[in-house]
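Visitor: This is the structure, below, for whatever I ask next.
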Amino acid sequence: MKKIILAGLLLAVGSVAMANSAQDVLKKARDDYYKQQEAERKAAKAPKKVERVKVETAEGVEEVEAEEEVKPRTPMEKLEYNANKAAIKVDYYERVVRSVAREEKELDGYNEVLGKKKSKKVKEQKAKTEKTKKAKK
């Protein structure tokens with residue numbers, strides 16, 4: 001009989017302790033969620049600074065409104081911000097590589113017309129780039 005009462009008492013105390021720890025975890029998660037929601041609301045309400053910037057175009061100088069970038073506040077915003085910046089940089093470098101390759105082809109054409117001989121170094125570099133292009137495909 002004593003064993004049953006002791007087991008029941010341990011079960012009752014254990015279930016209360018488990019319930020308290022679960023409640024603490026839920027409360028912590030809820031507080032974190034509300035903090036994140038509040039940060040997003042503040043970011044949306046924050047006034048964006050707009051500056052007038054002069055930009056040179058083919059037609060002349062124009063004034064354009066440029067918004068100042070808002071710094072990310074939450075970890076998810078930081079990840080999205082960094083991913084966006086990385087994608088922009090990758091796009092830029094891909095355009096630079098294509099431009100350089102186009103210029104090299106153009107110069108090869110000029111060298112053939114002028115009858116200049118290519119150096120061994122240039123031929124080796126061209127062979128390497130062709131191999132890497134084939135490997136990527």
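Visitor: Being assigned to a strand (DSSP E or B) and at pLDDT 65 or above is the filter here, so list the residues in the stretch 64-102 that pass it. Talk me through it step by step, then tell me what you get.
Guide: So the first thing to find is which residues in the stretch 64-102 are assigned to a strand (DSSP E or B), and the list is 64-67.
None; the set is empty.
Visitor: Scan the stretch 32-49 and tell me whether some residue there is more than 28 Å from residue 130 (Cβ to Cβ), at pLDDT below 75, part of a loop (DSSP other than H, G, I, E, B) and of a type in the set (Gly, Ala, Ser).
Guide: Checking the stretch 32-49: at least one residue is more than 28 Å from residue 130 (Cβ to Cβ), at pLDDT below 75, part of a loop (DSSP other than H, G, I, E, B) and of a type in the set (Gly, Ala, Ser).
The values are calculated or read from the model by the stated rules, or taken from the named source; none is laboratory data. No experiment lies behind these values; they were computed from the predicted model shown. Quick reminder, even Gly has a Cβ in these numbers, built from the backbone with ideal geometry, and neighbours come from all protein chains shown.
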